[in-house]
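Worksheet: one structure, shown below.
The values are calculated or read from the model by the stated rules, or taken from the named source; none is laboratory data. Keep in mind the model is a prediction, meaning the values are calculated, not measured. Because the Cβ atoms are built from the backbone with ideal geometry, glycine has one as well, and the counts that use them run over all protein chains shown. Ligands, DNA and RNA are stripped out before the accessible areas are found, and what is left, the full protein with its side chains, is counted by its heavy atoms. Shrake-Rupley method; radii C 1.70, N 1.55, O 1.52, S 1.80 Å.
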Amino acid sequence: MTVHAQSAILAFCDARRVVEQQAFTLHPGRTELAPLLRSRGRVLAEDIVADRDFPPFPRATRDGYAVHSADLAALPAKLTVIGEVRAGSILDGRTLGRGEAAEIMTGAPVPEGADAVVMVEYTARQGASVEIQRAVAAGENIVPTGSEARAGQLLLPRGTRMGFAEIAVAAGVGKAQVSIYSSPRVGILSTGDEIVDVDAHPGPSQIRNSNSYSLSAQVEAAGAEPVRLPIAPDDPVVLKHLIEEGLELDLLLLTGGVSMGKYDLVEPVLAEFGAEFLFTGAQIQPGRPVVFGRARCKPGAGSTTYFFGLPGNPVSTMVTFEIFVRPVLNALCGAPPGKLRFLTARLGSEVRTKTGLTRFLPAQLSGEFDRTEVDLVRWQGSGDVAAMARANCFLVVPPDREQLPAGEMVSVLLR
Ligand code: AMP
Ligand code: MG
């Protein structure tokens, strides 16, 4: 049982490309109807279109007076106030004539005949008339009917992940319920003879299972459903049974057992399922031994299930999920695989590493606006979850750099 899969260790960008290419071939499963707020973090299975023009009327964007801009050629101008339009009301049946103005509030429909709104700050009310002290251009302080969207226009295409802005759009077009894709079920299988569950009292050489929990949290945050399988010992027979169970789900995430150790059995056992390994490592740190592939849960089964063998070190597990698992999970959720979103920030203190690997080092982004700075957090390597919890991002070190000087603008991946 020492046969390891044919090794294919890819550069970070190549491994990303492989994951992305596979993700593009995946499709979500069933759909369900959900009350609008339950769609948060999930993916739309229907197009959402404007049910009417947005805005549905020319909307005033300031409190002030609706006017004919041409009436303000000579200043100050004195106009007759013919009424008031509050938000939710209309200036019933009246068209604004020349020399006339209507008092108007933000969000109210601009009356017919008016072509601009003068801010109240530039006016002085004198009984039935108003003195205007500043000119306005035609169209100023008005959002025209349908300028944000026309009735029937596509606002949110199928495949959109629902966040607060998308929920606002759906609410705005009257969708109390939306059709979303059902969450894919993701098997989570931690392996290792030393691993015990969180409620067990660990012996002197035992380690509590944190990976199944961090991964469940990451899977849930990605809008999918984690299915935690029992901890697998480094025993090929038990491992095989649990892998078989996991391959029945929509995606299988294993942790541990993917290095070159004598008891790293994940790859050889997966090979017994006729697994196709798309890569067996990536030139990254942490997370170098990460494995990606697909296998059939039973010989002759119609479809294959994708799996990731994530390295057991907890920070490696977290990083490899973020950079490799997410695109596949997005696709199974019905969303586009998606790009990683990097920001740049000024480096606080010099960083020295070795060349050859793309590094994702736990770091802390602090400050605001143009004072934003990033610095590494102190850590003892990829087993140091406490350091990871003190970090709010990863500082990305390109593989060809052995030194990043303080003050350089560097890439940061948020977590
Ligand atoms: P492995 O990848 O199996 O060689 O494990 C690498 C390191 O990660 C070892 O120190 C393990 O004890 C630790 N580890 C493996 N699996 C887990 C887990 N589920 N939770 C916490 N630590 C783990
Ligand atoms: Mg192990």
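Out of all the residues in segment 140-147, is one or more within 16 Å of ligand 1 (Cβ to nearest atom) and either over 30 Å from residue 260 (Cα atoms) or in a loop (DSSP other than H, G, I, E, B) (or both)? Spell out the reasoning first.
Of segment 140-147, the ones within 16 Å of ligand 1 (Cβ to nearest atom) are none.
Checked against the condition, which is being within 16 Å of ligand 1 (Cβ to nearest atom) and either over 30 Å from residue 260 (Cα atoms) or in a loop (DSSP other than H, G, I, E, B) (or both), segment 140-147 yields no hits at all.
Please identify the pairs in which a residue from segment 179-203 that is farther than 23 Å from residue 225 by Cβ and within 15 Å of ligand 1 (Cβ to nearest atom) has its Cβ atom under 8 Å from the Cβ atom of a residue that is assigned to a strand (DSSP E or B) and among the β-branched types (Val, Ile, Thr), counting only partners at least 6 apart or on another chain.
192/207; 194/207; 196/207; 202/196; 203/196
Looking only at segment 273-290, filter to residues that are within 25 Å of residue 184 (Cα to Cα), more than 15 Å from ligand 1 (Cβ to nearest atom) and not aliphatic (A, V, I, L, M); which one of those is surrounded by the fewest Cβ atoms within 10 Å (Cβ to Cβ)? Don't jump to the end; show me each part of the working.
So in segment 273-290, the residues within 25 Å of residue 184 (Cα to Cα) come out as 273-280, 287, 290.
Going one step further and asking which of them are more than 15 Å from ligand 1 (Cβ to nearest atom), we end up with 273-279.
Those left that are additionally not aliphatic (A, V, I, L, M): 273-274, 276-277, 279.
On the way: 273: 22, 274: 13, 276: 15, 277: 21, 279: 19.
Result: 274.
Only one of (1) part of a strand (DSSP E or B); (2) within 14 Å of ligand 1 (Cβ to nearest atom) is not met by residue 293, so which one is it?
So residue 293 meets the others, but not (2).
Could you please find all residues in segment 194-236 being more than 16 Å from ligand 2 (Cβ to nearest atom) and in a strand (DSSP E or B)?
Listed by number, the residues that qualify are 225, 226, 227, 228.
In segment 244-264, how many residues are within 13 Å of ligand 1 (Cβ to nearest atom) and either within 21 Å of residue 185 (Cα to Cα) or open to solvent by less than 10 Å² (accessible area, probe 1.4 Å) (or both)?
Residues flagged as within 13 Å of ligand 1 (Cβ to nearest atom) and either within 21 Å of residue 185 (Cα to Cα) or open to solvent by less than 10 Å² (accessible area, probe 1.4 Å) (or both) within segment 244-264 amount to 5.
Just to be sure, is residue 79 touching a strand residue (DSSP E or B) at 6+ places or on another chain (Cβ under 8 Å) and assigned to a strand (DSSP E or B)? Full working, then the answer.
Values: touching a strand residue (DSSP E or B) at 6+ places or on another chain (Cβ under 8 Å): yes; assigned to a strand (DSSP E or B): yes.
Yes.
Restricted to segment 296-317, and to residues that are closer than 17 Å to residue 327 by Cα and β-branched (Val, Ile, Thr), which residue is nearest to ligand 1 (Cβ to nearest atom)?
That would be 317.
Which members of segment 369-397 meet the condition of being touching a residue at least 40 places away in the same chain (Cβ under 8 Å), assigned to a loop (DSSP other than H, G, I, E, B) and open to solvent by 50 Å² or more (accessible area, probe 1.4 Å)?
Within segment 369-397, 379 is the sole residue that qualifies.
If we scan segment 51-61, do we find a residue that is open to solvent by less than 60 Å² (accessible area, probe 1.4 Å) and assigned to a strand (DSSP E or B)? Spell out how you get there, then give the answer.
Narrowing segment 51-61 to residues open to solvent by less than 60 Å² (accessible area, probe 1.4 Å): 53-56, 58, 60-61.
In the following step, the residues that additionally are assigned to a strand (DSSP E or B) were identified as 54, 60.
Yes - at least one qualifying residue is present in segment 51-61.
Give the residues of segment 215-241 that are buried (at least 16 other Cβ atoms within 10 Å of the Cβ) and within 13 Å of ligand 1 (Cβ to nearest atom), sorted by residue number.
Selection gives 215, 216, 228, 229, 231, 232, 233, 234, 239.
If only one of 150, 125, 158, 134 is touching a helix residue (DSSP H, G or I) at 6+ places or on another chain (Cβ under 6 Å), charged (D, E, K, R), more than 16 Å from ligand 1 (Cβ to nearest atom) and open to solvent by 30 Å² or more (accessible area, probe 1.4 Å), which one is it? Before you say what the answer is, go through the steps one by one.
On the way: 150 fails: touching a helix residue (DSSP H, G or I) at 6+ places or on another chain (Cβ under 6 Å); 125 fails: touching a helix residue (DSSP H, G or I) at 6+ places or on another chain (Cβ under 6 Å); 158 fails: touching a helix residue (DSSP H, G or I) at 6+ places or on another chain (Cβ under 6 Å).
Result: 134 is the single residue among 150, 125, 158, 134 that is touching a helix residue (DSSP H, G or I) at 6+ places or on another chain (Cβ under 6 Å), charged (D, E, K, R), more than 16 Å from ligand 1 (Cβ to nearest atom) and open to solvent by 30 Å² or more (accessible area, probe 1.4 Å).
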